[in-house]
1. Just to confirm the numbers: residue A:26, label point 7 angstrom along the Cα-Cβ line, distances to the other copies in nm, shortest first?
2. Mind listing the long-range amide H neighbours of residue B:37? Cut-off is under 5 Å, sequence gap 5 or more, other chains count too, H placed in the peptide plane at 1.01 Å from N.
3. In angstroms, what radius of gyration and Dmax does the protein assembly as shown have, counting Cα atoms only?
4. Using a 7 Å offset from the Cα along the Cα-to-Cβ direction at both residue B:75 and residue A:16, what is the distance between the two label points in nm, to one decimal?
5. Please report which chain B residue places its beta carbon nearest the axis carrying chain B onto chain A, with the distance rounded to a whole angstrom.
6. What is the mean number of Cβ atoms from other protein chains located within 10 Å of the Cβ atom of each residue in peptide A:26-37, rounded to a whole number?
7. Run the helix sum for the protein assembly as shown: -39,500 (n - 2.57) per DSSP H stretch of 4+ residues, divided by residue count, reported at 222 nm to the nearest 500 deg cm²/dmol.
8. For the range A:2-82, restrict the atom set to alpha-carbon positions and state the Rg and Dmax in Å.
There are 2 protein chains.
Amino acid sequence: MQWKVKISIKLKSGVLDAQGKATHKALLAIGFQKVQEVRIGKLIELKLEGDSRTEVEKQIQEMCQKLLANPVIEDFVYEIGEL
Amino acid sequence: MQWKVKISIKLKSGVLDAQGKATHKALLAIGFQKVQEVRIGKLIELKLEGDSRTEVEKQIQEMCQKLLANPVIEDFVYEIGEL
């Protein structure tokens with residue numbers, strides 16, 4: 001079976017988000033005065049083969065821990081859908 | 001009122017995703033043979049002030065077109081929630 005997985009990776013709250021801060025400043029500078037906070041993360045979409053949802057979930061968790069996210073400073077959540 | 005907005009920015013389909021391709025190769029190299037495609041986008045979370053959902057929506061569209069996304073090669077979708 002084919003699966004589509006959407007992974008959201010965000011910096012843990014409390015971790016300084018330099019890219020978010022820079023974007024916030026840039027938004028204020030071009031006139032968006034009402035913005036109070038900006039946090040920037042990654043959005044990863046994968047297509048993969050797998051026999052079951054459980055197998056796919058195991059793979060995704062492993063990928064995130066080994067390569068896609070940095071578990072020290074980032075949290076990840078994912079949605080798995082059948083294709 | 002305070003609002004929380006979640007913006008997903010993805011490369012348009014057809015646009016070469018170099019970062020996605022590199023991540024795909026890296027996943028294959030460390031043993032995730034079942035991955036078929038990887039696309040990488042941005043996830044932006046904003047907190048902002050606004051009188052109404054319509055006003056916030058207008059601001060978000062403008063921010064995406066002017067700064068957050070590159071409308072030539074990227075598409076964006078957003079979800080607006082009250083805080």
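What follows is calculated from the coordinates using simple rules that are stated; it is not laboratory data. As the structure is a computational prediction, the values presented were derived from the model and not from experiment. In this analysis, Cβ positions are derived from the backbone assuming ideal geometry, glycine residues included, and neighbour counts consider all displayed protein chains.
1. In ascending order, 2.2 nm.
2. The answer is A:47.
3. 17.1, 51
4. About 3.8 nm, to one decimal.
5. B:43, 2
6. Across A:26-37, the average partner-chain Cβ count within 10 Å equals 5.
7. Result for the protein assembly as shown, helices only: -8500 deg cm²/dmol.
8. Computed over the Cα atoms of the range A:2-82, radius of gyration and Dmax are 16.1, 51 Å.
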